[in-house]
Amino acid sequence: MKKTIDIISLGCSKNLVDSETLMGLMEANGYQCTHDSDDPQGDIVVVNTCGFINDAKEESINTILEFAQAKTEGRIEKLFVMGCLSERYLADLEKEIPEVDGWYGKFNYKQLLRDLENAENSAAIEILDHAPRHITTPAHYAYIKISEGCDRHCAYCAIPLITGKHQSRPMQEILDEVRYLVSQGTKEFNVIAQELTYYGVDLDGQQHIAELIEKMADIPGVEWIRLHYAYPTHFPWNLLWVMREKKNVCKYLDIALQHISDHMLSSMRRNVTKQETYELVERLRKEVPGIHIRTTLMVGFPGETEDDFTELLEFTRWARFERMGAFAYSEEEGTYSEQHYEDDVPEDVKQRRLDKLMRLQQNISAEIEAEKIGTILRVVIDRLEGDYYVGRTEFCSPEVDPEVLIPASEQLTIGAFYDVRITDAEEFDIYATSQISKNQI
């Protein structure tokens, strides 16, 4: 029998798709794979790393060292590393952690399979290099990566240094994958990319994201499509028509805005203005009534003044984002800001601004969720946990957004959709009942 391989996925959902792709290839070639086991032992561990920001890099390195120790103690036989961290810091990592048996980057990780086969078989063998992904999420939802890389050059961002230029997947390949996953029981598709609104530009100079999503929506069996990681500059307005008219395209858009003052937007090299950003949010809400916007904001970027931060607070109060995450700037080596700006905002000031922004957003989020009390919403059931079924509305992406809790006494089915009435709301959880009479719907 071939070895058992446990793949540990760190970082974002795009990394998870790479892990699932590798698992599918491994299993097609006779290996047995597990994912994120609590206690891997005996055979092979592959750590898929993140190298985006300092906290993620630290987590990746600590995980590698943990399994290096496990190898030294004889609890695993081999250790391999792939992903963004090794793509970016390969030479240093090879020198510092010699216990690792092989290092692979963001794009050559499929070579791991060939290297394993060559090591375990002296004779020439045929390797299957195409296979369906091994979906590690609950069967009813999956992530669909439509492109890799980014042609934007925001001052603070290391992603282009890791992933290179934007490369769109062929549309037919994506649609074929969606059809296959539907045949396997997948109903919800979370579309991901470093920059999904750029989809197709590298192929023929045109944005094709609206066309892609419309064709996905027309595939029988696709219940929900949710869009992640849009960019505000040159936003493809025809995408809003698709979101509004196609009932299975969720009224949900993940679009990182980062800041609002013209001073900061210019320094960040965002190629958008304050006025354009306000107009963008207004148009999103006008053309897609009921849309829930998820965004990311940054505080403490080099040169950020109290006036800049005040503008950011005012914008947040005005926009009333349904979902918002924020983080303090951290200098990333090799980026434009690291090379051209001084990281001059003190850490305590960054933290104070971050705390104040998040307190404001928490109040906004609580008010928005409370407004849902008494309404009837469609949810999908993800799991049974304790005394509750845990589900999500179209406005809730897996793992990052509020969940809907329904009493376990109601006997629901995992992966099924239900109309529920919202009965209560807290900051991170919504409570509901599925016991609704027909005249209430």
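The values are calculated or read from the model by the stated rules, or taken from the named source; none is laboratory data. Computed from a predicted structure; not experimentally measured. Note that we place each Cβ from the backbone using ideal geometry, even for glycine, and neighbour counts take in every protein chain shown. Each accessible area value is taken on the protein alone, full model and side chains, heavy atoms only, with ligands, DNA and RNA left out. Shrake-Rupley method; radii C 1.70, N 1.55, O 1.52, S 1.80 Å.
Pick out the one residue from 322, 306, 338, 311 that is out of contact with any Leu (no Cβ under 9 Å at 6 or more places or on another chain), surrounded by 15 or more Cβ atoms within 10 Å (Cβ to Cβ) and closer than 18 Å to residue 274 by Cβ. Lay out the reasoning, then the answer.
On the way: 322 fails: closer than 18 Å to residue 274 by Cβ; 306 fails: surrounded by 15 or more Cβ atoms within 10 Å (Cβ to Cβ); 338 fails: closer than 18 Å to residue 274 by Cβ.
Result of the check over 322, 306, 338, 311: 311.
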Which condition from (1) in contact (Cβ under 8 Å) with a residue 24 or more places away in the chain; (2) closer than 30 Å to residue 340 by Cα is the one that residue 160 breaks?
(1)
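Specify which of the listed residues (307, 348, 355, 343) is without any contact (Cβ under 8 Å) to a residue 60 or more places away in the chain, in contact with a Phe, Trp or Tyr (Cβ under 9 Å, 6 or more places away or on another chain) and not hydrophobic (A, V, I, L, M, F, W, C). Outline the logic, then answer.
Values: 307 fails: in contact with a Phe, Trp or Tyr (Cβ under 9 Å, 6 or more places away or on another chain); 348 fails: in contact with a Phe, Trp or Tyr (Cβ under 9 Å, 6 or more places away or on another chain); 355 fails: in contact with a Phe, Trp or Tyr (Cβ under 9 Å, 6 or more places away or on another chain).
Result: 343 is the single residue among 307, 348, 355, 343 that is without any contact (Cβ under 8 Å) to a residue 60 or more places away in the chain, in contact with a Phe, Trp or Tyr (Cβ under 9 Å, 6 or more places away or on another chain) and not hydrophobic (A, V, I, L, M, F, W, C).
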Scan the stretch 367-378 and give yes if some residue there is closer than 30 Å to residue 136 by Cβ, open to solvent by less than 50 Å² (accessible area, probe 1.4 Å) and part of a strand (DSSP E or B), otherwise no.
yes
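Here is a yes/no grid of residues against (1) without any contact (Cβ under 8 Å) to a residue 40 or more places away in the chain; (2) among the basic types (Lys, Arg); (3) not in a helix (DSSP H, G or I):
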residue: 132; (1), (2), (3): no, no, yes
residue: 165; (1), (2), (3): yes, yes, yes
residue: 182; (1), (2), (3): no, no, no
residue: 197; (1), (2), (3): no, no, no
residue: 202; (1), (2), (3): no, no, no
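Out of the residues in the stretch 189-216 meeting the condition of being small (Gly, Ala, Ser) and within 24 Å of residue 281 (Cβ to Cβ), tell me which one is surrounded by the fewest Cβ atoms within 10 Å (Cβ to Cβ). Don't jump to the end; show me each part of the working.
Of all residues in the stretch 189-216, those small (Gly, Ala, Ser) come to 193, 200, 205, 210.
After this cut, where a residue has to be within 24 Å of residue 281 (Cβ to Cβ) as well, the list is 193, 210.
Numbers: 193: 25, 210: 19.
Out of the qualifying residues, it is 210.
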Which of the residues that make up the stretch 218-250 are within 19 Å of residue 200 (Cβ to Cβ), free of Cβ contacts under 8 Å to residues at least 40 places away in the same chain and not in a loop (DSSP other than H, G, I, E, B)?
225, 227, 229, 230, 238, 242, 249
If a residue must be part of a loop (DSSP other than H, G, I, E, B) and open to solvent by 30 Å² or more (accessible area, probe 1.4 Å), how many such residues does the stretch 395-426 contain?
6
Which one is most open to solvent (accessible area, probe 1.4 Å) among residues in the stretch 379-394 that are modelled with pLDDT under 95 and of a type in the set (Asp, Glu)?
387
Which residues, counting only those in the stretch 97-112, are outside any helix (DSSP H, G or I), hydrophobic (A, V, I, L, M, F, W, C) and modelled with pLDDT of 85 or more?
97, 100, 103
The residue that is farthest from the chain's Cα centre (by Cα), considering only those in the stretch 54-96 that are crowded, with 17+ Cβ neighbours inside 10 Å and among the β-branched types (Val, Ile, Thr), is 76
One residue is enough: does the stretch 114-123 have a residue meeting the conditions open to solvent by 30 Å² or more (accessible area, probe 1.4 Å) and either among the acidic types (Asp, Glu) or at pLDDT 85 or above (or both)?
yes
